[in-house]
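> Structure provided below as structure tokens; questions to follow.
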Amino acid sequence: MDADEIAAGRARWQARYDAARKRDADFTTLSGMTVDPVYGPPEGVPYPGFERIGWPGEFPYTRGLYPTGYRGRTWTIRQFAGFGNAQQTNERYKMILGAGGGGLSVAFDMPTLMGRDSDDPQSLGEVGHCGVAVDSAADMEVLFDGIDLAGVTTSMTISGPAVPVFCMYLVAAERQGADLSTLDGTLQTDIFKEYIAQKEWLFDPEPHLRLIGDLMEYCAREIPRYKPLSVSGYHIREAGSTAAQELAYTLADGFGYVELGLSRGLDVNVFAPGLSFFFDSHVDFFEEIAKFRAARRIWARWLRDVYGATSEKAQWLRFHTQTAGVSLTAQQPVNNVVRTAVEALAAVLGGTNSLHTNALDETLALPTDESAEIALRTQQVLMEETGVVNVADPLGGSWYVEALTDKIEAEAEEIFARIRQLGGEGPHKIGPMTSGILRGIEDGWFTGHIAESAFVYQQALEKGDKRIVGVNCHTGTVAKDLEILRISHEVELEQRRVLAERKAGRDDAAVKAAVQRMVEVSRTGENMIPAMLDAARADTQTTAPPPAATRCGSAAWVTR
């Protein structure tokens with residue numbers, strides 16, 4: 001790109017920056033030095049390939065979605081939490097919000113993730129252990145008691161039974177009196193990554209896609225600010241993939257959901273802004289920054305050039321980040337504070353829209369109040385003390401970071417081509433990327449490549465080529481064992497008791513009628529969400545309809 005084109009781009013950025021709202025904050029260094037909101041090539045100097053880097057807030061968004069960077073708004077501190085029963089988790093949520101958290105993220109226990117009630121025989125011993133137990137809308141009411149769902153964005157990390165759990169959330173918001181049409185939030189709902197990595201599915205992929213398509217239609221029509229899909233790379237990376245595989249598999253899944261929306265006749269400019277992403281931030285600092293920058297650039301180009309999106313928001317890749325759970329060690333766990341801080345900083349320098357920081361004891365148990373507070377304070381130290389919010393994409397133009405960004409992008413493009421080849425030459429009723437993903441799931445293509453990457457890394461660890469402090473080097477320590485959070489068996493007994501009371505007290509005829517109605521709708525082309533909402537409302541004897549303004553509803557979180 002020649003010097004005149006670069007200067008024109010800077011002028012466009014400056015005009016957008018001047019027009020944008022900025023926070024009332026001190027944007028100088030610790031020593032009081034004034035810094036610019038963004039940096040680029042020196043005036044009058046050409047920079048070959050600068051169109052791939054660009055300016056913040058401008059296609060291809062390599063440097064961020066907003067001309068102000070974090071000067072306009074910082075990332076949302078969204079701590080993932082859930083354990084025991086709804087009351088216990090409600091107390092943790094109030095602690096997080098009271099300590100400065102900006103949003104909530106719900107961790108469900110394994111029975112809930114697998115679509116089973118707490119009294120199911122297969123739930124025995126698992127209730128409340130890896131997250132919060134939720135059996136009905138009544139549990140959702142308790143979970144968010146005293147928390148204004150109309151004013152707090154909430155992420156729900158669940159895919160298999162995501163849609164009925166979402167409906168329970170909506171009913172809880174209705175019972176608070178919220179206007180559901182204004183709610184703002186995110187449901188994960190990413191069934192592709194379950195087959196690829198996490199393995200929490202309930203039935204075959206195609207029926208799941210029917211439900212997801214219904215949810216996309218419903219939210220686009222009734223709850224325009226709500227994000228019905230958070231396409232997840234986190235679990236792919238935690239399963240052992242490389243950074244490029246995480247990026248490519250995740251964006252390919254996202255393209256599949258774009259194809260799903262298009263196959264339903266939806267306008268890509270309307271539904272694509274409802275797709276958000278969820279990435280892992282691992283411990284290789286610069287590789288992670290490059291991954292995030294490449295992700296924005298790839299998504300913008302594909303949405304514009306392949307899927308026909310013309311609006312900026314439809315081309316934006318907005319993402320939540322969680323620091324890497326697999327990087328945490330049981331040995332010398334206090335070192336995990338350092339790992340998490342480095343990973344969080346990489347996410348911030350990569351331009352994340354919201355962030356969860358893991359607690360130091362999560363490799364041993366669910367976080368204690370103290371370790372959860374340390375994790376929260378890690379983000380606040382980065383935000384308030386380090387100056388990283390002062391300049392948009394401060395590593396933009398770094399020879400190393402730009403080379404890594406280009407390399408990861410090129411590897412991802414090669415993977416996209418292989419996935420599309422898996423689908424064969426014939427047309428698919430949803431789209432070519434979807435066809436390749438479904439074939440790759442069926443053939444074990446994704447899981448095989450992830451397993452191979454995990455094996456290669458494990459070999460490097462065991463040979464000592466890759467090093468982890470406290471594990472295969474620097475193993476001496478004076479540290480003592482941590483006090484960890486333990487979930488009492490009484491939690492499961494109490495949850496089962498309460499569930500039995502609710503089942504005994506509800507109107508069984510109304511429940512059966514609502515379930516039968518869902519079955520009938522499932523056999524037609526009708527959208528299933530309204531019938532599922534009615535079934536969620538049948539969890540108690542309450543028969544009064546919700547206020548008229550709240551019936552269209554939805555629930556909530558958004559990445560900035």
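The values are calculated or read from the model by the stated rules, or taken from the named source; none is laboratory data. Please read all numbers here as calculations on a predicted model, not as lab measurements. We place every Cβ from the backbone using ideal geometry, glycine too, and count neighbours over all the protein chains shown. All accessible areas refer to the heavy atoms of the entire protein, side chains included, with ligands and DNA or RNA removed. Shrake-Rupley method; radii C 1.70, N 1.55, O 1.52, S 1.80 Å.
> Treat the range 12-145 as a sphere of radius equal to its Kirkwood radius over Cα pairs and apply Stokes-Einstein at 25 °C in a medium of 0.890 mPa s; give the translational diffusion coefficient in µm²/s, rounded to a whole number.
130
> Which order do the peptides 54-65, 363-374, 233-244 take when ranked by the mean count of other beta-carbon atoms within 10 Å per residue, highest first?
My ranking of the peptides, most packed first, is 233-244, 54-65, 363-374.
> Could you derive backbone 3J(HN,Hα) for the range 524-531 from the dihedral phi with the Karplus parameters 6.51, -1.76 and 1.60 (θ = phi - 60°), listing whole Hz in sequence and x where the residue is Gly or Pro?
10, x, 6, 5, 7, 5, x, 5
> Find out how many positive minus negative residues lie around residue 194, taking Lys and Arg as positive, Asp and Glu as negative, among other residues whose Cβ is under 11 Å from that of residue 194.
Within the 11 Å Cβ shell, the charges total -1.
> Could I ask something else about it? In whole Å, what three semi-axes, largest first, describe the equivalent ellipsoid of the range 83-215 built from its Cα gyration tensor (square root of 5 times each eigenvalue)?
24, 18, 13
> Return P(r) of the range 308-368 (all Cα-Cα pairs; 5 Å bins starting at 0; whole %; ordered from short to long distances).
Per 5 Å bin, starting at 0, the Cα pair percentages come out as 4, 19, 23, 17, 12, 9, 6, 5, 4, 2, 0.
> Above 18 angstrom, tally the Cα pairs of the range 258-308 and express them as a % of all pairs, no decimals.
Distances greater than 18 Å cover 42 percent of the Cα pairs.
> Then there is this: The range 38-67 to the range 401-421: how many Å between their Cα centroids?
21
> If you take every residue apart from residue 523 with its C-beta less than 14 Å away from the C-beta of residue 523, what net charge results, scoring Lys and Arg +1 and Asp and Glu -1?
Once positives and negatives cancel, what remains is -1.
> Under 5 Å between amide H atoms, partner at least 5 residues away or on a different chain: which partners does residue 227 have, H built in plane at 1.01 Å?
Result for residue 227 returns 185, 186, 187, 557.
> Tabulate in residue order the Karplus-calculated ³J(HN,Hα) for the range 386-397, using 6.51 cos²θ - 1.76 cosθ + 1.60 with θ = phi - 60°, rounded to whole Hz; enter x for Gly and Pro.
Per residue, the Karplus-derived 3J(HN,Hα) values read 8, x, 5, 8, 7, 10, 6, 6, x, 9, x, x Hz.
> Taking the mean number of other Cβ atoms within 10 Å as a proxy for protection, how do you rank 511-520, 527-536 from highest to lowest?
Result, highest mean Cβ count within 10 Å first: 527-536, 511-520.
> Please list log₁₀ I(q)/I(0) at q = 0.14, 0.18, 0.27 Å⁻¹ for the range 160-214, using the Debye equation with identical point scatterers on the alpha-carbon positions.
-0.45, -0.66, -1.07
> Let me ask something additional. Using the alpha carbons of the range 414-528, what is the convex hull volume per residue in cubic angstrom, as a whole number?
Output value, Cα hull per residue: 222 Å³.
> Determine the equivalent ellipsoid of the range 409-470 by diagonalising the alpha-carbon gyration tensor, then write out the semi-axes as square roots of 5 times the eigenvalues, largest first, rounded to whole Å.
Over the Cα atoms of the range 409-470, the semi-axes work out to 33, 12, 8 Å.
> Mind ranking 3-14, 411-422 by how tightly packed they are, going by the mean number of other C-beta atoms within 10 angstrom, highest first?
Top to bottom by mean Cβ count within 10 Å: 411-422, 3-14.
> Something else about it: For the range 252-294 and the range 170-240, what is the separation of their Cα centres, given in Å?
14
> How large, in percent, is the carbon and sulfur part of the accessible surface of the chain at a probe radius of 1.4 Å?
54
> Report the net charge of residues surrounding residue 330, where surrounding means a beta-carbon distance below 11 angstrom and charges are Lys +1, Arg +1, Asp -1, Glu -1.
Result for the local shell: -3.
> To the nearest µm²/s, what D does Stokes-Einstein give for the chain at 25 °C and 0.890 mPa s, using the Kirkwood radius over alpha carbon pairs as Rh?
Answer from the Stokes-Einstein relation: 100 µm²/s.
> Give the percent of DSSP beta bridges with both residues in the chain that are antiparallel, rounded to the nearest 5.
5
> Still on this structure: Using the Cα centre of the chain as the reference point, and only Cβ charges (+1 on K/R, -1 on D/E), how large is the resulting charge dipole? Debye, rounded to the nearest 20.
Around 820 debye, computed over the chain.
> What is the diffusion coefficient of the range 159-265 in µm²/s, taking the Kirkwood radius over Cα pairs and the Stokes-Einstein relation at 4 °C with a viscosity of 1.567 mPa s?
Estimated diffusion coefficient is 89 µm²/s.
> Please give the Cα centre distance for the range 482-507 versus the range 1-31, rounded to the nearest Å.
54
> How big is the Kirkwood radius of the range 295-407, worked out from every pair of different alpha carbons and given in Å to one decimal?
About 16.0 Å, per the Kirkwood formula over Cα pairs.
> What is the percent of Cα-Cα separations in the range 33-109 that go past 14 Å?
Counting pairs separated by more than 14 Å, the tail of P(r) holds 72 percent.
> On average, how much accessible surface per residue is there in the chain, in Å², for a 1.4 Å probe, leaving out ligands, DNA and RNA?
41
> Pairs 94/313; 94/466; 22/227; 429/512; 199/480: which are spaced more than 30 Å apart, C-alpha to C-alpha?
Too far apart for the 30 Å limit: 94/313; 94/466; 429/512; 199/480.
> While we're looking at this one, here's another question. Select from 303, 389, 157 the residue farthest towards the positive end of the dipole of the chain; place +1 on Cβ of Lys and Arg, -1 on Cβ of Asp and Glu, and compute about the Cα centre.
With unit charges placed on the Cβ atoms, the residue in question is 303.
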